[in-house]
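Step one of this worksheet: look at the structure below.
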Amino acid sequence: MDLERIERRKGLSVSEFVRDFLEPNIPVVLDAQHTASWPARNDWVTKDGNPNYARLLELYADAEVQVAECDKVYFSDQQRTTMRFADFVDKWRYAPQSHMYCKDWHFMRSNPNYQAYQPLAYLSNDWINMYYDSRPELNDDYRFCYMGGN
């Protein structure tokens with residue numbers, strides 16, 4: 001797939017999205033206006049575009065997260081370890097040469113009182129998460145977050 005040729009859109013209506021992209025199975029990149037109202041857009045990033053470590057720690061310091069070590073291979077994937085989010089942030093912030101990133105983190109479960117985002121209208125029929133939301137005993141979802149890198 002030629003990534004340069006993927007259309008970038010703003011001001012896209014739901015009907016246009018369905019007709020022009022969803023039904024013909026064509027990728028599209030939605031511009032930043034689509035997520036401007038998400039709390040995570042303002043809370044997780046500083047005005048200069050860097051991670052807002054203080055706010056992230058305020059929200060998630062004690063969460064247990066899975067961390068991938070990009071420099072260490074384990075079978076066909078990166079080696080992973082589990083640690084407190086606060087410990088991961090210390091490595092991310094002060095030891096960027098460690099090449100670690102937080103992977104497959106179910107961040108919505110880590111702080112259920114904080115609503116980081118709402119699915120876009122185009123994706124509001126979130127059928128996978130509707131299933132898991134209706135089955136709390138499964139303790140699972142498909143709301144992942146990835147953080148880290150340099």
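A compact table of results
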{"read-out": "Criterion (open to solvent by 50 Å² or more (accessible area, probe 1.4 Å) and at pLDDT below 85) met by exactly one of Pro96, Pro24", "value": "Pro96"}
{"read-out": "Exclusive hit being assigned to a loop (DSSP other than H, G, I, E, B), open to solvent by 100 Å² or more (accessible area, probe 1.4 Å), among the aromatic types (Phe, Trp, Tyr) and at pLDDT below 85, set Tyr131, Tyr146, Tyr142", "value": "Tyr142"}
{"read-out": "Conditions (1) open to solvent by less than 50 Å² (accessible area, probe 1.4 Å); (2) touching a strand residue (DSSP E or B) at 6+ places or on another chain (Cβ under 9 Å); (3) over 30 Å from Glu23 (Cα atoms); number of the one not met by His106", "value": "(3)"}
{"read-out": "Among residues of region 47-63, those that are of a type outside the set (A, V, I, L, M) and either loosely packed, with under 13 Cβ neighbours inside 10 Å or over 24 Å from Met100 (Cα atoms) (or both), counted", "value": "6"}
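The values are calculated or read from the model by the stated rules, or taken from the named source; none is laboratory data. Remember, it's a predicted structure, so these values are computed and weren't measured experimentally. Because the Cβ atoms are built from the backbone with ideal geometry, glycine has one as well, and the counts that use them run over all protein chains shown. All accessible areas refer to the heavy atoms of the entire protein, side chains included, with ligands and DNA or RNA removed. Shrake-Rupley method; radii C 1.70, N 1.55, O 1.52, S 1.80 Å.
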